[in-house]
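J.: Before anything else, here's the structure in question.
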Amino acid sequence: MSDEILNRDELIRKSEKPGRDAMILHPYYRGKIQITSKCCVRNLDDFAIWYTPGVAKPCLAIKDDPLTVFEHTNKGNFVAVVSDGTRVLGLGDIGAEASMPVMEGKALLFKYLGGVDAFPICLDEKDPDKIIEIVLAIQPSFGGINLEDLSQPKCFYILEELRKRAHIPVWHDDQQGTAAVTVAGLINAVKFVGKKLADVKVAMTGVGASNVRIAHTLFLTGVDPAKVIMCDSKGILHTERQDAETLATKFKEKWELAQMTNSENITGGKTEAIKDADVLIALSKPGPGIIEPEWIKTMAKDPIVFACANPVPEIYPWDAKAAGARIMATGRSDFPNQVNNSLGFPGIFRGALDVRAKTITDEMCVAAALELAKVAEDKGLREDYIIPTMDEWEVFPREAVAVGLKAIEQGLARVVRTREELMDMAEKKIRHARDTVQLLMKEGFIPPAPPDV
């Protein structure tokens, strides 16, 4: 057996290790988050302050002035992670209970990376209008709502309605979060290979929530829609496709993109979409084998490949590189160039919460993407470093500041703060979250992981 095959087998085994360890550590800890107190408890007399009778005073203060809820409670740092379990990772409709490990993980990242107190809210409800009503009904408890793992096309409708009707920020991380981080990575990848966003031809495989929003965010940052070729399971989007009427009536987001993209009216499937492309952004279904190495060989010089399906990319990085990919990115933290929304949502929500933003706009996401790209550029771009890693904690306060300032610029902030104030707030909250975990580990309140994982 050749050394190349042995090396590939070892890489595959390594890529499978997180899943094996997850099956040990999840039952070991029985979850990933808990509630801890943030106020002092000097003795039991303090409960008369934190609960009855003393608590009646702040209750009445909030009744007289509802905005003082942000002063008397932690509402301004609470985020609900809401899912119906219909599109969890690349696993499909696995149900509300089965989505809990992902939503708990999301809450862990929110806290550790962004200093945000997030809670999983997994709904045994799939009707989009009822989901909208549930989210609107729980608004009093939260400063923001993170929609997660909702199937399409209802995810577009739910987000659109909630952005209109909610009085706190609501976003769909599979759309806006993935878009912000992907655009950040692409900005640097294109720059590294010596090309310009306005000139690149972009192939996008998968036209789900993520790629739909990525496409629109790319357009905001200078990519020419005419040079974008999008391909779903039935082929390349164009206005003369056989199912055009169905797209126009039932999948308005796809139909809109069919009208905006593919000016040459290219037809066919993934093979034709990828041919001669400078960039491939794949967010379709877990691989490997979804993107073939032979297709990458047909791309333009110095091809950029983002294969970001979870939990396994559409093509393994080593196979894409062997086929000629100059820049290769995935959504996984155990491979170089992780293009994953975990780099976006903690900092973006931190910024939105710190100015009490009314919503999170696409322009706020672009501001985060530009700052995220700049963090990596400041440190020096490489083929295996086009985007920062989660280890670089300064990414998140910098994103928070960019988002907060954009919200202020757009007139969407209830509280106006300076750049320095926003940076100080974000750094303190994020440091506090990280230091708390380390302290609990040091003191044994969080038990050490078993030695074999």
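J.: As a quick test, which of the pairs LYS191/LYS374; LYS106/LYS429; LYS32/LYS130 have an alpha carbon distance above 19 angstrom in this structure?
T.: The answer is LYS32/LYS130.
J.: Suppose every Lys and Arg Cβ carries +1 and every Asp and Glu Cβ carries -1, with no other charges. What dipole size does the chain come out with about its Cα centre, to the nearest 20 debye?
T.: Computed charge dipole of the chain: roughly 580 debye.
J.: Could you size up the charge dipole of the range 341-440 around its Cα centre, putting +1 on the beta carbon of Lys and Arg and -1 on that of Asp and Glu, and report it in debye to the nearest 20?
T.: 480 debye
J.: Still on this structure, please answer the following. Throw me the Rg/Rh for the range 239-300, computed over C-alpha atoms with Kirkwood Rh, two decimals.
T.: 1.01
J.: In addition: Which of the pairs LYS111/LYS379; LYS17/LYS250; LYS164/LYS275 have their Cα atoms more than 29 Å apart in this structure?
T.: Listed pairs above 29 Å: LYS17/LYS250; LYS164/LYS275.
J.: For the range 404-453, state the average projected area of the convex hull of the C-alpha atoms over all orientations, rounded to one decimal in nm².
T.: Projected area, direction-averaged: 5.5 nm².
J.: Let me ask you something else. Pop out the ³J(HN,Hα) list for the range 391-396 in order, Karplus 6.51 cos²θ - 1.76 cosθ + 1.60 with θ = phi - 60°, rounded to Hz; leave Gly and Pro as x.
T.: For the range 391-396, the Karplus curve yields 5, 8, 5, 5, 3, 6 Hz.
J.: How tilted is helix 178-192 with respect to the longest principal axis of the chain? Cα atoms for both, answer in degrees (0 to 90, nearest 10).
T.: Between helix and principal axis, roughly 50 degrees.
J.: Next question, about the same structure. Give the residue from LEU237, ILE158, ILE138 lying farthest towards the positive end of the charge dipole for the range 133-282; charges sit on Cβ (+1 for Lys and Arg, -1 for Asp and Glu) and the dipole is referred to the Cα centre.
T.: About the Cα centre, the residue reaching furthest to the positive side is LEU237.
J.: Once you compute Rg and the Kirkwood Rh from C-alpha atoms, what is the Rg to Rh ratio for the range 304-453?
T.: Computed over Cα atoms, the ratio is 1.05.
J.: List the extent of the Cα atoms of the chain along each of their three principal axes, largest first, rounded to whole Å.
T.: 73, 52, 43
J.: Would you compute, from DSSP H runs of 4+ residues alone, the mean residue ellipticity of the chain at 222 nm, taking -39500 (n - 2.57) per run and dividing by the full residue count, rounded to the nearest 500?
T.: Calculated from helices alone, the mean residue ellipticity at 222 nm is -14500 deg cm²/dmol.
J.: Residues of the range 158-181 with the amide nitrogen closer than 16 Å to a label point 7 Å from the Cα of ASP127, along Cα-to-Cβ, please.
T.: Of the residues in the range 158-181, 158 have backbone N under 16 Å from the label point off ASP127.
J.: Could you order the peptides 143-156, 41-54, 432-445 from most to least packed, using the average number of other C-beta atoms within 10 Å per residue?
T.: 143-156, 432-445, 41-54
J.: Any idea what Rg and Dmax come out to for the range 205-244 if you just take the C-alpha atoms, in Å?
T.: Cα-based Rg and Dmax for the range 205-244 come out at 10.7, 32 Å.
J.: Please state the charge dipole magnitude for the range 194-325, taken about the Cα centre, from unit charges on C-beta atoms (+1 on K and R, -1 on D and E), reported in debye and rounded to the nearest 20.
T.: 220 debye
J.: Taking the Cβ-Cβ separation of ARG414 and LYS17 as r and a Förster radius of 56 Å, what is the calculated FRET efficiency to the nearest 0.05?
T.: 0.80
J.: Hey, rough spin-label estimate for CYS39 and MET260, points 7 angstrom out along Cα→Cβ, what's it come to in nanometres?
T.: Here the modelled spin labels are 4.7 nm apart.
J.: Another one. Which FRET efficiency value, to the nearest 0.05, is calculated for ARG382 and ALA48 with the Förster distance at 51 angstrom and r the Cβ-Cβ distance?
T.: That pair, ARG382 with ALA48, gives E of 0.30.
Computed from the coordinates by the stated procedures, all read-outs in this text should not be read as laboratory data. None of these values were measured; they are calculated from a predicted model. Note: ideal-geometry Cβ built from the backbone for every residue, glycine included; neighbour counts use all protein chains shown.
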